[in-house]
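See structure below.
All of the numbers you see were taken from the coordinates with simple rules; none came from a lab. Since we're looking at a predicted model, the values are computed, not measured. Don't worry about glycine lacking a Cβ; one is built from the backbone with ideal geometry, like all the others, and counts go over all protein chains shown.
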Protein chains: 2
Amino acid sequence: MNRQELFQQIVRKRSYLCIGLDTDITKIPKHLLELEDPVFEFNKAIIEATQDLCVAYKPNLAFYESLGSRGWKSLEKTMEIIPGDIFTIADAKRGDIGNTSALYARAFFQQMHFDAVTVAPYMGEDSVKPFIGFENKWVILLALTSNPGAMDFQLNKQEGGEQLYEAVMQKAQGWGNPDQLMFVCGATRAEEFKHLREIAPESFFLVPGVGAQGGDLSAISRSGMNAQCGLLVNSSRQIIYASTGPDFASAARTEALKVQQEMKNLLEETDLLS
Amino acid sequence: MNRQELFQQIVRKRSYLCIGLDTDITKIPKHLLELEDPVFEFNKAIIEATQDLCVAYKPNLAFYESLGSRGWKSLEKTMEIIPGDIFTIADAKRGDIGNTSALYARAFFQQMHFDAVTVAPYMGEDSVKPFIGFENKWVILLALTSNPGAMDFQLNKQEGGEQLYEAVMQKAQGWGNPDQLMFVCGATRAEEFKHLREIAPESFFLVPGVGAQGGDLSAISRSGMNAQCGLLVNSSRQIIYASTGPDFASAARTEALKVQQEMKNLLEETDLLS
């Protein structure tokens, strides 16, 4: 999916919600466990209940890998049922030496048909570049993450005064353009969004940390939006585990609708919809 | 496997060789492609031919993931046939927010029974700690990698003068001790090994980059060994693709033997074997 198509979807749905399919077999409703592939059945119900309210789905690979090849199979089946006009993100946080990153790119873009994959920047250019250059596919590079450990290295000041995450964002914009490269910018750092937007004015940001992690949607949106919205705000647990009973899918829809309505209001504050 | 057992294996085999099972379906001998699981059959033959010469096997996950759930299955089967006294490393370079890293740890340590997993440090403490504390299991944290992109951020000087990889190694030693935590230190930077050893005197280093990437085994060993050897030197392509014909396994053995003999000589220069 290209940037224009993503923006059109945002306008059409009045939403920049990404739903994290962090499907944990220990947390899904018990009645699903009797089925042959409970993780897939859970995802299927969530997708059917929310697909008109979100513009992206983001399975985190850890949840699938924790079940081994069986989990990987559930993910493959999930990818097959996500409607083609919805943006898909493999939240994998990969990154390795060049020839190895190229294989990860093949796995996520060609085998599984994801639109985007999250990548960790620590190993530098040749670990990121193999993901760039697939037509209408995206790298989403970790910049400033939403977890407490972001303080350990990402905020370190380099000689010259810029922080590590700033160096990452600056340098990476030489590796790919805003049609190829997004950044992960955590919602728990709402006060940083004006600054993040200055560093990368045109780029989309994937924003985790709204909901369970406590980020503030309106503050982030008002500071972080650009002329094509430029935000994909992720919510996982708050939506997909809204209920653990047989009504889990409709409860997920109710939660997603709340977020989408808030997003609609925030979009209407701007001139993006006109 | 604990540190003492790893050292005993090194002494017994006169080897600190780790063989990278970077099994690429496009590079393995053609006659294997007729079998039901070519990747597994290739690994099986390599393991049978080299298990007395190496102390560790390190499958890089990218090669398996590029084949989807089928590749994951080949990896599971491979893990089942690696002898229990050989150290196993999931070269996965994972790292995510705390609850998600915990799932990766479950995947590699409990589902697949690896002894160790490589982890990327960018997301800091809560992304690394969930891997630490499993009994006799190890985190191998990326410090100074062997690829060109290592120069992009790892060598950045921080305010105060230390480079990012030094900050990573210093800080991480507060998260786990040398019985829980190793570091990836690339062999392409042999001149750094004295310094790396000063930063982490007791830790094991996993050293990629010997062989195809050009690192110098003797220089690294002389600068990097500690009282328990403290090095696992990895070679992948140079060994496993020594021949692409039907003799691939014996050719791999010949290459592994060359490296093991050089390691034996280097070990005999020290007093580790007495």
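Taking a ≥ b ≥ c as the square roots of the Cα gyration tensor eigenvalues, segment A:1-124 comes out oblate, since a/c reaches at least 1.5 and a/b does not exceed b/c.
Sort B:Thr145, B:Thr88, B:Thr254, A:Thr26 by Cβ crowding within 10 Å, fewest neighbours at the top.
On the way: B:Thr145 27, B:Thr88 23, B:Thr254 14, A:Thr26 6.
With the sparsest Cβ surroundings first, the list reads A:Thr26, B:Thr254, B:Thr88, B:Thr145.
Copy-to-copy label distances for A:Gly98, where each label lies 7 Å from Cα along Cα-to-Cβ, are 4.0 nm in order of increasing length. For segment A:146-274, what's the relative contact order in percent, using C-alpha pairs closer than 8 Å and at least 6 residues apart? In percent, rounded to a whole number, it is 18. Do the alpha carbons of any pairs in B:Lys73/B:Lys129; A:Lys129/B:Lys157; A:Lys93/B:Lys58; A:Lys77/B:Lys77; A:Lys137/A:Lys171; A:Lys73/B:Lys58 sit beyond 26 Å of each other, and which pairs? The pairs that break the limit, which is 26 Å between Cα atoms, are B:Lys73/B:Lys129.
Suppose only helical runs count, i.e. DSSP H with n ≥ 4. What mean residue ellipticity at 222 nm does that imply for the protein assembly as shown under -39500 (n - 2.57) per run, divided by all residues and rounded to the nearest 500 deg cm²/dmol? The partial results should precede the final answer.
Working: 24 runs with 214 residues, N = 548.
That calculation yields -11000 deg cm²/dmol at 222 nm.
Inter-chain neighbour count for A:69-78: the average number of beta-carbon atoms from partner chains within 10 Å of each residue's beta-carbon is 4. Bridges between two residues of the protein assembly as shown, per DSSP, are antiparallel at a rate of about 10%. Once C-alpha pairs closer than 8 Å and six or more residues apart are averaged by separation and normalised to the residue number of chain A, the relative contact order reads 21 percent. Amide H contacts for A:Ser236 (H built 1.01 Å from N in the peptide plane; partners 5 or more residues away or on another chain; cut-off under 5 Å): A:Gly20, A:Ala212.
Projecting the Cα atoms of B:Ile10, B:Ile46, B:Ala56 onto the charge dipole of segment B:1-77 (Cβ charges, centred on the Cα centre) puts B:Ile10 farthest toward the positive pole.
Run the dipole for segment A:1-107 about the Cα centre, Lys and Arg Cβ at +1, Asp and Glu Cβ at -1, nothing else charged, and hand back the magnitude in debye, nearest 20. Mind dumping the intermediate values first?
Details: 14 positive and 15 negative charges, 71 e Å.
Here segment A:1-107 has a charge dipole of around 340 debye.
Between beta-carbons, use under 13 Å as the cut-off and find the net charge around B:Leu257, counting Lys and Arg +1, Asp and Glu -1.
On the way: positive: B:Lys13, B:Arg14, B:Arg253, B:Lys258, B:Lys264; negative: B:Asp52, B:Glu255, B:Glu262.
Once all neighbours under 13 Å are counted, the net charge is +2.
Need the full-extension length gain, A:Ser223 to A:Asn265, defined as separation in residues times 0.36 nm minus the C-alpha distance. One decimal, nm.
On the way: separation 42, 0.36 × 42 = 15.12 nm, distance 1.50 nm.
Working it through step by step, the gained length comes to 13.6 nm.
Under the convention that each Lys and Arg Cβ holds +1 and each Asp and Glu Cβ holds -1, the size of the dipole of the protein assembly as shown around its Cα centre is about 220 debye.
Nm distances between the label at A:Leu273 and the same-position labels in the remaining copies, 7 Å along Cα→Cβ, shortest first? Sorted ascending, the copy-to-copy spacings read 7.7 nm.
Can you run the Rg to Rh ratio on chain B? Use alpha carbon positions and the Kirkwood inverse-distance Rh. If you can, show how the numbers build up before the last one.
Working: Rg = 17.9 Å, Rh = 18.8 Å.
Rounded to two decimals, Rg/Rh equals 0.95.
If the cut-off is 17 Å between C-alpha atoms, which lysines fall inside it for B:Lys13, apart from same-chain ones fewer than 8 positions away? Qualifying lysines at Cα under 17 Å: B:Lys258, B:Lys264.
Between copies, the label points at A:Glu34 (set 7 angstrom from Cα along Cα-to-Cβ) are spaced 4.9 nm, reported in nanometres from shortest to longest. Whole percent per 10 Å bin, from 0 to the bin with the longest distance: what is P(r) over all C-alpha pairs of the protein assembly as shown? Each 10 Å bin holds this share of Cα pairs: 4, 19, 29, 25, 15, 7, 1, 0. Loop-located GluC sites (Glu not before Pro) in segment A:230-274 (DSSP state other than H, G, I, E, B) with a sparse environment of at most 13 neighbouring Cβ atoms within 10 Å: A:Glu269.
How many Cβ atoms of partner chains, on average, are near each residue of A:102-114 if near means within 10 Å of its Cβ?
4
Antiparallel versus total DSSP beta bridges in chain A: what percent is that, nearest 5?
Working: 2 of 30 bridges.
If I count the DSSP bridges inside chain A, around 5 percent turn out antiparallel.
Each Lys or Arg adds one and each Asp or Glu takes one away; over the other residues whose Cβ falls under 11 Å from the Cβ of A:Ala219, this sums to 0.
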